[in-house]
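Nothing in this text is a laboratory measurement; each read-out follows from the coordinates by a stated rule. Please read all numbers here as calculations on a predicted model, not as lab measurements. Cβ atoms come from the backbone with ideal geometry, glycine included; neighbour counts cover every protein chain shown.
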Amino acid sequence: MTTSPARTAVVPVAEIFELRRSVLRPGLPAKEAVFAEDAAPGTFHIAAYDERGAVRACVSFFPEALPGEAGEAAYRFRGMASDPVVRGLGYGVAVLRAGLDQAAARGAGLVWCNGRTSARGFYEHQGFTVTGEEFVVESVGPHYLFTIKLPG
């Protein structure tokens, strides 16, 4: 098994969909893993591949202002998933960092997400800040809003 992703790339949503569905919406119909933003203008999807070319992590970014912060160019991300067999080996970090770089290149000064409470340590370790109180996403569980300012 590899200890780091072989490569990351901006890819069509079809490339990451099965991993997103299997990790984030297991046992649910495929339509539950389709996001309205998937085909919206400005949306991009990142995949991390192992040395054999298998998708091991993914995330989707789309332009959306932070609620209550209209004016600053921002991207939101959703659907971040890592294959359980490679968790902790850098694949999630790789797709997140590639997405942050891509968002900055597209003019964003801020990136945010509604992240699972269980991932708080991961996001904070990557430089994100918790904004507000914990909340529950129906059928998914407890979340926080995480933000990070991009260098500009």
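Quick notes on this one:
- Exposure proxy order (Cβ contacts within 10 Å, fewest to most) of 113, 58: 113, 58
- Relative contact order for the stretch 21-116: 25 percent, from Cα pairs under 8 Å spaced at least 6 residues apart, divided by residue count.
- Peptides 87-94, 140-147, 6-13 ordered by packing proxy, namely the average of other Cβ atoms within 10 Å per residue, highest first: 87-94, 140-147, 6-13.
- Each 10 Å bin from 0 upward holds the following percent of the Cα-Cα pairs of the stretch 1-89: 17, 44, 29, 9, 1.
- The stretch 77-152: C-alpha gyration tensor shape, a/c 1.5 cut-off, then a/b vs b/c: oblate
- Point-charge dipole on Cβ atoms (K/R +1, D/E -1) for the chain, about Cα centre, debye to 20: 300 debye
- Residues considered: 44, 77, 122. Largest GNM mean-square fluctuation over the chain, using C-alpha springs under 10 Å, is found at 122.
- Surrounding net charge for residue 65, when Lys and Arg each add one and Asp and Glu each subtract one, Cβ distance under 12 Å: -2
- Between residue 69 and residue 136, the modelled label-to-label distance comes to 2.7 nm, taking each label 7 Å out from Cα in the direction of the beta carbon.
- For the chain, modelled as a GNM whose springs connect Cα atoms under 10 angstrom apart, the maximal fluctuation among 110, 100, 24 occurs at 24.
- Summed over qualifying helices (DSSP H, 4 residues or more, each -39500 (n - 2.57)) and divided by its residue number, the chain shows a 222 nm mean residue ellipticity of -6500 deg cm²/dmol.
- Length-normalised contact order for the stretch 44-92 - Cα pairs under 8 Å, 6+ apart - percent: 33 percent
- Structure-derived percent of Cα pairs over 26 Å apart: which label, when the choices are (i) 38; (ii) 21; (iii) 46: (ii)
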